[in-house]
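The values are calculated or read from the model by the stated rules, or taken from the named source; none is laboratory data. Values in this document were obtained by computation on a predicted structure and should not be read as measured data. Quick reminder, even Gly has a Cβ in these numbers, built from the backbone with ideal geometry, and neighbours come from all protein chains shown. When the accessible area is computed, the model is the full protein with side chains, heavy atoms only, and any ligands, DNA or RNA have been set aside. Shrake-Rupley method; radii C 1.70, N 1.55, O 1.52, S 1.80 Å.
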Amino acid sequence: MKLFRHLFTFALIATSICAQAIESGQTVRLVNNGLSVFIKNSLLDENKPAVLWTETNVNAQRWTVYARTNGTFQLQNDYTNLYLSGITSNKITIGVQTNRTTASSRGSWEFVPVEGTSNQFYIYQGTTRTNALAVPESPVEGDTLIVINTSTTPDIDPARITWTVEVVEQMAKEFTKDKRD
């Protein structure tokens with residue numbers, strides 16, 4: 001009976017770990033405070049801000065994750081085909097879209113599961129686990145994403161850096177950048 005209980009516990013732990021795995025090629029929605037990550041006005045240009053927006057079930061709010069060799073991922077927008085990155089502007093790092101060739105470590109994201117959850121993550125830029133993708137205090141629709149240095153802001157509200165990562169089906173790409181005339 002004890003052996004069965006241990007095997008059952010192990011199976012539950014393994015299932016929990018598998019449920020939290022991010023896999024290369026998955027299409028996801030990144031949600032915080034009920035709002036999804038979206039490129040402002042669905043602009044196709046580089047260096048446009050990533051913002052929070054009410055979910056409208058469009059490709060501009062879907063991201064495909066691609067594994068890098070260091071355990072991080074790149075997040076490619078399914079509408080613009082550009083990547084989520086972070087740039088510094090007046091000592092504040094904001095989340096923006098950029099192309100793959102300039103993404104480098106600024107466009108590498110590590111997904112760290114939030115303990116006790118099945119689809120919530122802290123999303124860190126690079127592998128140091130100090131710069132977390134975040135929302136402003138009291139986020140509302142249209143707010144620009146930021147990247148917060150958690151080592152210099154130790155009292156940050158965890159809700160600002162906790163993301164629900166929803167795996168979703170890829171949508172048809174008839175209306176994406178690459179399918180336009």
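Here are the numbers for the structure shown:
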quantity: Residue selected from segment 25-66 under the condition open to solvent by 40 Å² or more (accessible area, probe 1.4 Å) and part of a helix (DSSP H, G or I), by the criterion farthest from Val140 (Cα to Cα); calculated: Asn41
quantity: Residue match in segment 116-139 (condition: under 17 Å from Leu30 (Cβ atoms), modelled with pLDDT of 90 or more, in contact with a Leu (Cβ under 6 Å, 6 or more places away or on another chain) and surrounded by fewer than 20 Cβ atoms within 10 Å (Cβ to Cβ)); calculated: yes
quantity: Some residue of segment 97-111 being at pLDDT 75 or above and under 15 Å from Ser36 (Cα atoms); calculated: no
